[in-house]
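These notes concern the structure reproduced below.
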Amino acid sequence: MFPALIRSFRCAFSGIGWALRTQRNLRVHAAATLTVVSLGLVVNLSAMKWCAVLGCIALVWVAELLNTALEVLCDRVSREQDESIRRIKDVAAGAVLIAAIISVIVAAMVFL
C-alpha cells in the first residue's frame with residue numbers, strides 16, 4: 001500500500017512540475033504566490049488572515065491546474081475548430097479568472 005501511495009504523490013508532483021514548465025499563467029500564479037507569501041511574512045499576518053490568503057492561493061492553483069487538464073484533454077479529443085470545445089475551454093478559463101479576481105479582492109482586504 002505504501003509504495004502505491006508514494007507513486008501517486010510522484011505522479012501528482014510530476015503533473016504540477018509539467019504544468020509549471022509549460023503553462024505561462026501557472027508561472028504567473030507562482031510568482032504571485034511567492035510575492036503574497038513574502039509580504040504576509042513581512043507584515044506578520046494573523047492566523048485568520050493566513051487562512052484567507054492560503055485559501056485563495058489554493059483556489060487559484062486548483063482552478064488553473066484543472067483548466068490546464070481540461071485544455072490538454074480537449075486538445076487530445078480534437079485539434080479542429082469545435083464550438084463545444086471552445087466553450088469548454090472558455091468556461092474553464094472563466095473559472096480561473098473568477099478565482100483570481102476574488103483572490104485580489106481578499107488580498108486587498110487583508111493587506112490594506
For the list (1) surrounded by 13 or more Cβ atoms within 10 Å (Cβ to Cβ); (2) without any contact (Cβ under 8 Å) to a residue 12 or more places away in the chain, I need the number of the one condition that Ser8 fails.
(1)
Answer yes if at least one residue in region 98-112 is assigned to a helix (DSSP H, G or I), under 15 Å from the mean Cα position of the chain (by Cα) and over 30 Å from Asn44 (Cβ atoms), and no otherwise.
no
Condition met for Cys51 (in contact (Cβ under 8 Å) with a residue 40 or more places away in the chain and either closer than 18 Å to Ala99 by Cβ or out of contact with any helix residue (DSSP H, G or I) (no Cβ under 9 Å at 6 or more places or on another chain) (or both))
no
Does region 22-36 contain any residue that is surrounded by 16 or more Cβ atoms within 10 Å (Cβ to Cβ), under 12 Å from the mean Cα position of the chain (by Cα), assigned to a helix (DSSP H, G or I) and of a type in the set (D, E, K, R)?
no
All positions within region 1-55 that are in contact with an Asp or Glu (Cβ under 9 Å, 6 or more places away or on another chain) and small (Gly, Ala, Ser)
Ala19
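Each value in this text was obtained by applying a stated rule to the coordinates, not by laboratory testing. On a predicted model such as this, the values are computed, not experimentally measured, just so you know. Virtual Cβ from ideal backbone geometry, glycine too; neighbours counted across all protein chains shown.
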